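Comments concern the structure below.
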Amino acid sequence: MVSDLRVSVQENDILKGIDLRVEPGRVHALMGPNGSGKSTLAFAMAGHPNYVVNGGSVKIDGQELLELSPDKRARAGLFLSFQYPAAIPGVTVANFLRTARQAVRPDDLPPAKFRKLIFDQLELLDMDPAFLGRYVNDGFSGGEKKRLEMLQLAVLAPQYAVLDETDSGLDVDALRAVCGSVQALRAEPENKTGFLIITHYPRILQYIAPDAVHVMMDGRIVLSGGPELAHRIEREGYDAIRTEVAGGVA
Amino acid sequence: MASLSLEETARGLSPATLDALVESIGEGAVSLDARREAFARFEELAPPDIPSGRYWKIDLAKQRYDDVVVQLDSHAASPSVAHVWSLGSILKDGDPELRATFDRVFRSTLDLTREKFAALTLAFQNCGAFVYVPAGIKLSKPIELTYVARGAGIFPYTVVLAGEGSECTVVERIVLEGSAPFVCAVAEVVAEPGARVDMTSILEPGAGRIFTTRRAKANRDSRLRWSVAELGGDLVVDSLHASMEERGAECEIGGVFFAAQAQHVALETQVDHTVGETRSETIVKGAATERGQGRYVGNIRIQPHAHQSDASLRDDSLLLSKSAHIDSIPALEIAANDVKAFHGATVGAIDEDEIFYAQSRGIPRREAERMIALGFFEPALARFPEGTRDHVRAALEQKLPETP
């Protein structure tokens, strides 16, 4: 749950009071034009040091995340899928996945089951097992990077996942594979992951149906609604909404 | 051979210690003359030019050698080598055919008008190995050479001759024990046409002063790889040169060093493309933490007419504390036109974006830093033989600050 979150970057106010509540197992879409502050919200929630929180709160089950270091936020159940994930040369995907799983869910899965989890996901994501021996995001194509983000999502099975522009730069096959992995996670009976899908194209929402859609402009959520809002954005574009919202205020 | 009636060590690098060494090993007067001449050369020559100052604090010109205790018993220094040779014995008593083979390599790669520490090894050589792989022989297992400095001075001399079309892997370790070991080592490698040689030199953790001169020549269509790991030593000065002498030769040089505490590590590599249609690739990963100081000089020399040479040099330096420092100095001398040459270098701390990314996956900051720092060495470690990688990784990990 996010309430009245205000964030600045290099002394520029970007988020001007965000309120958002995502329930377990639900999918919320956060849409908006470029520069509206969507990615800032994602980074601020995850605790990137360049994003200065000036007020507000981000909570999971009543626990305040804003006081925690980024790794503790992850261990509290938050996952961020990066739009541009960093490369870590020399650290293999296998080692990274194992270390992350151990940090977030220590010793909860026997090695054989962990291995099966990873290989099942590789298949879902249409990835070669040789991928595990490569260095994290080092020399990866755009599609490979997003696939690795989804692989981590599945391995960590967080309470809440923020997917930042996961659809950008993907061709249809990659998008389908990436969304298939999210659908598979959601289909597991015990899974209650709540999703916040950040995107400016409605395309990804054809694969992962949202329960609610929010529109963000200039650091504020200006409109919220059901799935039909995404269709409207596709038909009319953001400008129509901007005009309507401005008219409403005036 | 060592004689039990004699003292096992002698103090100070001096003509008197040379006399004691020659007597202990049982070499004759010819050897003594050659050793004395080499020692005179050592005393005349200037050390490599490493300017001392704010970071690098050791002045090589002011090193004193009167406190070095020389190990007179060769077997103590080379426990892994069954037949310990000394220069005198192989030159005097060796079988003439073996001697001729040996002479194809011995001193052939050195420049004794310049190489001060190679001259010192020639003077005090008290252990070593001659590895000869005859033409066409392909060894499936690595040859392991271990030299142990037990608080005393050792002067190992390794000679490797890989005959035409042969294949071998040689792992050379220098083990440092006790409070003030001193090591001055030479290794010479010659790859005959079509040979494949995989050399690995590991300086194990420990105290002491270590000077190494490593030289290689690669002949037609041969492939030579030399990987070095500098883990120990208070002062390490390592010079590794590989020369491609004939067409089709390829050299791959890999180096890792990690200067921790107050370690000073200087590594210099040089690849010489003396003829064209030769290829070299150099990758060096150096890190420093605490007050560790590193210095890397990477030379590429492409001679006139060495057209279609292909050389690449990649060196990266990782600084893990404010007082740690690494100088990285590339030097490309390219005298031919039709060549490919690449150089890339980075110096810096661990990237904050990488740390944040790992943290966002639940990995605590210190653990993320360790993981990323260890990963930094991997592209160079990937060139080490399978059986040595885990060992080097573990030693590097030991040097990283503890996770709280």
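The values are calculated or read from the model by the stated rules, or taken from the named source; none is laboratory data. Everything quoted here is computed from the prediction, not taken from an experiment. Positions of Cβ are generated from backbone atoms using ideal geometry, with glycine treated the same way; all protein chains shown enter the neighbour counts.
Could you tell me whether A:Ala86 is free of Cβ contacts under 8 Å to residues at least 60 places away in the same chain and not acidic (Asp, Glu)?
Working: free of Cβ contacts under 8 Å to residues at least 60 places away in the same chain: yes; not acidic (Asp, Glu): yes.
Judged against the criteria, A:Ala86 is a match.
Quick check on B:Thr109: is it modelled with pLDDT of 90 or more, hydroxyl-bearing (Ser, Thr, Tyr) and surrounded by 18 or more Cβ atoms within 10 Å (Cβ to Cβ)? Reasoning before the result, please.
Numbers: modelled with pLDDT of 90 or more: yes; hydroxyl-bearing (Ser, Thr, Tyr): yes; surrounded by 18 or more Cβ atoms within 10 Å (Cβ to Cβ): yes.
So B:Thr109 fits the description; yes.
What are the residues in segment A:29-75 that are part of a helix (DSSP H, G or I) and either away from chain B (no Cβ under 14 Å) or of a type in the set (Lys, Arg) (or both), if any?
Here is the first cut: in segment A:29-75, the ones part of a helix (DSSP H, G or I) are A:38-46, A:70-75.
Of everything in segment A:29-75, those that are part of a helix (DSSP H, G or I) and either away from chain B (no Cβ under 14 Å) or of a type in the set (Lys, Arg) (or both) turn out to be A:Lys38, A:Thr40, A:Leu41, A:Lys72, A:Arg73, A:Arg75.
May I ask you to verify whether A:Ala157 is touching a residue at least 24 places away in the same chain (Cβ under 8 Å) and either surrounded by fewer than 19 Cβ atoms within 10 Å (Cβ to Cβ) or more than 14 Å from chain B (Cβ to nearest Cβ) (or both)?
Criteria not met by A:Ala157.
What is the residue count in segment A:125-151 for residues that are within 19 Å of the chain's Cα centre (by Cα), outside any loop (DSSP other than H, G, I, E, B) and touching a residue at least 40 places away in the same chain (Cβ under 8 Å)?
7
Looking at B:Leu381, is it at the interface with chain A (Cβ under 10 Å from one of its Cβ atoms), in contact (Cβ under 8 Å) with a residue 12 or more places away in the chain and within 19 Å of the chain's Cα centre (by Cα)?
On the way: at the interface with chain A (Cβ under 10 Å from one of its Cβ atoms): yes; in contact (Cβ under 8 Å) with a residue 12 or more places away in the chain: yes; within 19 Å of the chain's Cα centre (by Cα): yes.
Yes.
Taking the condition of being facing another protein chain (nearest Cβ under 8 Å), touching an Asp or Glu at 6+ places or on another chain (Cβ under 9 Å) and aliphatic (A, V, I, L, M), how many residues in segment A:76-103 meet it?
6
Testing B:Gly94 on (1) in a helix (DSSP H, G or I); (2) modelled with pLDDT under 95, one condition comes back false. Which one is that?
(1)
Checking the condition at pLDDT below 95, out of contact with any helix residue (DSSP H, G or I) (no Cβ under 8 Å at 6 or more places or on another chain) and over 22 Å from A:Ser69 (Cβ atoms), which residue from A:Asp171, A:Asp120 passes? I'd like the intermediate steps shown before the answer.
On the way: A:Asp171 fails: out of contact with any helix residue (DSSP H, G or I) (no Cβ under 8 Å at 6 or more places or on another chain).
Selected residue: A:Asp120, the only one of A:Asp171, A:Asp120 that is at pLDDT below 95, out of contact with any helix residue (DSSP H, G or I) (no Cβ under 8 Å at 6 or more places or on another chain) and over 22 Å from A:Ser69 (Cβ atoms).
Could you please let me know if B:Glu188 is acidic (Asp, Glu) and over 30 Å from B:Leu396 (Cα atoms)?
On the way: acidic (Asp, Glu): yes; over 30 Å from B:Leu396 (Cα atoms): no.
Against the criterion (acidic (Asp, Glu) and over 30 Å from B:Leu396 (Cα atoms)), B:Glu188 does not qualify.
Those residues that are over 17 Å from B:Pro385 (Cβ atoms), of a type in the set (A, V, I, L, M, F, W, C) and assigned to a strand (DSSP E or B), I need them from segment B:153-173; list them, please. Walk me through it before giving the result.
Of the residues in segment B:153-173, the ones over 17 Å from B:Pro385 (Cβ atoms) are B:153-157, B:159, B:161, B:163-165.
Among the residues that remain, those that are also of a type in the set (A, V, I, L, M, F, W, C) are: B:154-155, B:159, B:161.
Result: B:Ile154, B:Val159, B:Leu161.
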